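J.: This structure is in structure tokens; I'll ask about it shortly.
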Amino acid sequence: MNSWKYRIPEGVQDYLPEECYNKRKIEECIRNIFFYSGYEEVETSSFEYLDVFNGDIVNIEQEKMFKIVEAGSRILVMRPDLTMPIARIAATKLKKSTLPLRLSYISSVYRYEEIEIDKQREIPQAGVELIGVAHPEADAEIISMAIQIFMKLGLSGFQIDIGQVDFFKGLIEESNIESGMAEELRIMIDQKNMLALKTYLQNADISDKLKDILLRLPQLYGGVEVLEEAMKLTQNSRCAEAVRNIYQVYEIIKAYGLEEYISFDLGMVQSLNYYTGVIFRGISKNMGFPLCGGGRYDNLLSEFGYDIPATGFAIGIKRLLIALEIQKKLKPIPSIDVLAVVDDNHKDGFKLVQTLREQGKRVEIFLPTSDNSNPITYAKQKGIEKVIQIDSAGIQELDYNP
């Protein structure tokens, strides 16, 4: 039978027991790191007015949003992003709060992601927003938190690539090229499409020196030597300040003792309207897409009438699950500790079961079915190591070899 009721839409998924168990453990780990780092959790509505995501500083195309027409013809969207709703909260309900605001979330966003390898449309995320501080200490704090999450989860072979959008912006300012051309260059450089970039620059009306620097950008990737090379490429003051800013953030990360996980990528050039400074992404071996990403977005809250700086990041829960599964780091669901066969009329038996559960034991009460009426057979099928019987005669452990 070919019926849609047996299927789920493309880009969403069901989480079966073992994956759901690991998803919750990952979320619990991340939530604890956020909490003990001083971040307070918020939860925003799944629906927002489209107006929240309209403006000069928007990181998501409208075509990628799931839209709903509300009674009265107002257009709603299923939230495609969590930073914008949190910016709305910060600029309204939390505007009188003491700065800095440290806010965290664990929720899903919804958007079309046709070009993504994993093609998710319901995207579980965890993230933080650090609002009200423009210092490099804030950027270092959130980058270090991303590293701590990967370490705590046991992920190996990961690294954090750090970039700075102002380096590219400085070159664009110097070249005086128009915004459309700048965006085309940004995409080619960010995708490290060297052939397309070289062809495009051949016909560009900019100096040969700037052409050479722009062509070098996708290759400015690696250790601290990348920053040293970048400083030699140009005398542009905005570019130089961008590199100095990365140095400042890196020195603080070194103080955390986490420098071994850091690399630099000045060819990582993300949204020019949205990001205003340091940007970063977390990658892992054997993964074709980033596990996390974020950066500084000092102009975003001004869209809501609150002109203060901010930085933050989001980490993909599903992507983390995939990365941990590849590395065989997922954990099996703990087995049931005790199968209890309880006489229906033995009230103290149910109290004993509850006592065992409060002691941290997983206790399942045996409920016979038409397919399985024997507790020993059932215990063997489920891999339960201990079977007890509770009735008027007391508590008896049944002779059972799992």
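J.: Under a crude label model (7 Å from the Cα following the beta-carbon direction), how far is GLU241 from THR377 in nanometres?
T.: 7.8
J.: Give me a comma-separated list of calculated 3J(HN,Hα) values for the range 275-281, in order, Karplus coefficients 6.51, -1.76, 1.60 applied at θ = phi - 60°, integers in Hz, x for any Gly or Pro.
T.: Karplus-based 3J(HN,Hα) across the range 275-281 equals 8, 10, x, 4, 10, 7, 8 Hz.
J.: To the nearest 0.05, what FRET efficiency results for PHE47 and ASN273 with a Förster distance of 30 Å applied to their C-beta separation?
T.: On the way: r = 25 Å, r/R0 = 0.82.
Calculated value: 0.75.
J.: State the extension gain, in nm to one decimal, for the chain segment bounded by LYS95 and LYS329, taking 0.36 nm per residue of separation less the distance between their alpha-carbons. Please report the intermediate quantities before stating the final value.
T.: Details: separation 234, 0.36 × 234 = 84.24 nm, distance 4.17 nm.
Result for the pair: 80.1 nm of gain on full extension.
J.: Place a point 7 Å from the Cα of ASN286 along the Cα-to-Cβ direction; which residues of the range 314-328 have their backbone N under 16 Å from it?
T.: Residues 319-328 fall inside that zone.
J.: What does the extension gain come out to for ASP337 and GLN13, with contour length at 0.36 nm per residue minus their alpha carbon separation? Walk me through the intermediate numbers first.
T.: Values: separation 324, 0.36 × 324 = 116.64 nm, distance 3.02 nm.
Between ASP337 and GLN13, full extension yields an extra 113.6 nm.
J.: If you wrap a convex hull around the alpha carbons of the chain, what volume per residue comes out, as a whole number of Å³? Walk me through the numbers on the way to the answer.
T.: Working: hull volume 90.5 nm³, N = 402.
Spread over its residues, the Cα hull of the chain gives 225 Å³ apiece.
J.: What does DSSP give for the chain in terms of the percent of beta bridges that are antiparallel, rounded to the nearest 5? Mind dumping the intermediate values first?
T.: On the way: 46 of 59 bridges.
Once the DSSP bridges in the chain are tallied, antiparallel ones form about 80 percent.
J.: Okay, moving on. Given a 1.4 angstrom probe, I'd like the percentage of the accessible area of the chain that is carbon and sulfur, rounded to a whole number.
T.: Working: 10170 of 20930 Å².
Answer for the chain: carbon and sulfur cover 49 percent of the accessible area.
J.: Tell me the label-point distance for the pair SER302, ASN32, using the 7 Å Cα-to-Cβ offset, in nm and rounded to one decimal.
T.: My value for the distance between the label points is 4.2 nm.
J.: Among 187-196, 15-24, how do they line up by average Cβ neighbours within 10 Å per residue, starting with the highest? Don't skip to the end; give the middle numbers.
T.: Numbers: 187-196: 15.5, 15-24: 13.7.
Result, highest mean first: 187-196, 15-24.
J.: Using only Cα atoms, locate the centre of the range 339-353 and the centre of the range 115-161, then give the distance between them in Å, rounded to an integer.
T.: 47
J.: In the chain, which helices (entire DSSP H runs) extend 20 Å or more along their own long axis, judged by Cα positions, while averaging at least -0.5 on the Kyte-Doolittle scale? Kindly include the intermediate steps, with their values, before the conclusion.
T.: Values: long enough: 17-36 (28 Å, -0.89); 136-152 (24 Å, 0.57); 237-256 (29 Å, -0.09).
TM-like helix candidates: 136-152, 237-256.
J.: Follow-up question, since we're still on this one. Could you compute how fast the range 247-402 diffuses translationally, taking Rh as the Kirkwood radius over C-alpha pairs and applying Stokes-Einstein at 10 °C with viscosity 1.306 mPa s? Give it in µm² per second.
T.: Details: Rh = 21.3 Å.
The diffusion coefficient I find is 75 µm²/s.
J.: Among the lysines, which have Cα under 24 Å from the Cα of LYS380 when same-chain residues fewer than 8 positions away are ignored?
T.: LYS331, LYS361
J.: How much length, in nm to one decimal, is gained on full extension between CYS20 and ASP56, taken as 0.36 nm per residue of separation minus their Cα-Cα distance?
T.: 9.1 nm
J.: Same structure again: Under the Karplus relation 6.51 cos²θ - 1.76 cosθ + 1.60, θ = phi - 60°, what is the ordered set of whole-Hz ³J(HN,Hα) values for the range 97-105, x standing for Gly and Pro?
T.: Using θ = phi - 60°, the values come out as 6, 5, 8, x, 8, 10, 10, 10, 7 Hz.
J.: While we're on this one: Calculate for the chain the 222 nm mean residue ellipticity that helices alone would give, adding -39,500 (n - 2.57) per DSSP H run of length 4 or more and normalising by residue count, nearest 500 deg cm²/dmol. Spell out each step's value before the answer.
T.: Details: 12 runs with 147 residues, N = 402.
Taken over the chain, the calculation gives -11500 deg cm²/dmol.
J.: Let me ask something additional. In nm, to one decimal, how far is the modelled label at LYS351 from the one at GLN191, with both set 7 Å along Cα→Cβ?
T.: Result for the modelled spin labels: 7.0 nm.
J.: A further question follows. Check GLN164: other-chain or 5+ apart residues with amide H under 5 Å from its amide H, H built from backbone geometry?
T.: Correct list: ILE279.
The values are calculated or read from the model by the stated rules, or taken from the named source; none is laboratory data. Being a predicted model, the structure only gives us computed values, none of them experimental. FYI the Cβ positions are ideal-geometry reconstructions off the backbone, even for glycines, and counts take in every protein chain you see. The accessibility values were calculated without ligands, DNA or RNA, using every heavy atom of the protein model including side chains. Shrake-Rupley method; radii C 1.70, N 1.55, O 1.52, S 1.80 Å.
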